[in-house]
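Before any comments, here is the structure.
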Amino acid sequence: MPETNPYYLTLLRHGESVGNAEGYHQGQSEFPLTDKGVAQAQALAALWKSTGVTFDSVVASPQNRASQTAEIITGALGLRIEYDDLWKERDNGVLSGLHHEEARQKYPQPAFIHLYAPIGQTGESQWELYLRAGRAIQSILHRPPGAYLVVSHGGILNMTLQAILGITPQANFQGARFRWRNTAYTTLSYHPDTHTWIVEGINQHPHWSEA
């Protein structure tokens, strides 16, 4: 019986946004990329174009900071984008759009946050975000095997990687968490015949220096 072809996934966080740079809770509020964020996306697009990196499909969050990043990448590589709400950032309720300092004053963080507690009073709990991350990755695996680029956000991407690796979230945001800098990406492959995930790299950003 012939072996099923693998899936190749690149999970990319958006470029630096105004919310990142100025210290806002973003969630599902809209913030555009900063000039630095645009430059980050352009640098990555140039690197991938020069090294022949391409994708069979590009799926992105429809939120502005992710869609801008995706448009820069796909414009350079000559690809089209599909938008999917499953890849939007966490709904963080009343915190959305507030500066961190204002949020601390208006809505102090509870001493203990269990898995099912809505974040920001009305937002998604850790468990709800984890379940959505599972649905998001399932939506990719419903497609034919191929090379996929997903352009999304740090919160949902973190949960996606946890879902892939079989790591369940914990109360109080404890447990495993993964660093995901602006326009950094994680590369993985999935082999359906053996249900094997291979993580090739995490928080990769060869197109810019942390210095």
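The values are calculated or read from the model by the stated rules, or taken from the named source; none is laboratory data. Bear in mind the structure is a predicted one, so any value in this text is a computation, not a measurement. A quick note on method: Cβ atoms are made from the backbone with ideal geometry, for glycine too, and the neighbour counts reach across all protein chains shown.
List of remarks:
- Number of the condition not met by Gly123 [criteria: (1) modelled with pLDDT under 95; (2) surrounded by 17 or more Cβ atoms within 10 Å (Cβ to Cβ)]: (1)
- Residues considered: Thr186, Thr196. Of these, the only one that is at pLDDT 95 or above, crowded, with 18+ Cβ neighbours inside 10 Å and among the polar types (S, T, N, Q) is Thr186.
- Being at pLDDT 95 or above, of a type in the set (Phe, Trp, Tyr) and surrounded by fewer than 16 Cβ atoms within 10 Å (Cβ to Cβ) is true of Tyr116.
- Wholly enclosed helices (runs of 4 or more DSSP H) of region 90-173 bearing at least 1 residues within 28 Å of Ser189 (Cα to Cα), in contact (Cβ under 8 Å) with a residue 40 or more places away in the chain and among the basic types (Lys, Arg): 126-141
- If you go through region 40-54 and keep only what is in contact (Cβ under 8 Å) with a residue 40 or more places away in the chain and either in a helix (DSSP H, G or I) or touching a Ser or Thr at 6+ places or on another chain (Cβ under 7 Å) (or both), you end up with Gln40, Ala41, Ala43, Leu44, Ala46, Leu47.
- Residue list for region 1-48, restricted to those being more than 23 Å from Ala76 (Cα to Cα), of a type in the set (A, V, I, L, M) and either within 19 Å of the chain's Cα centre (by Cα) or surrounded by 20 or more Cβ atoms within 10 Å (Cβ to Cβ) (or both): Val18, Ala21
- When Gly93 is tested against (1) at pLDDT below 95; (2) more than 21 Å from the chain's Cα centre (by Cα), just one condition goes unmet, and that condition is (2).
- Residue, surrounded by the fewest Cβ atoms within 10 Å (Cβ to Cβ), within region 156-183, restricted to residues that are under 22 Å from His207 (Cα atoms) and of a type outside the set (A, V, I, L, M, F, W, C): Arg179
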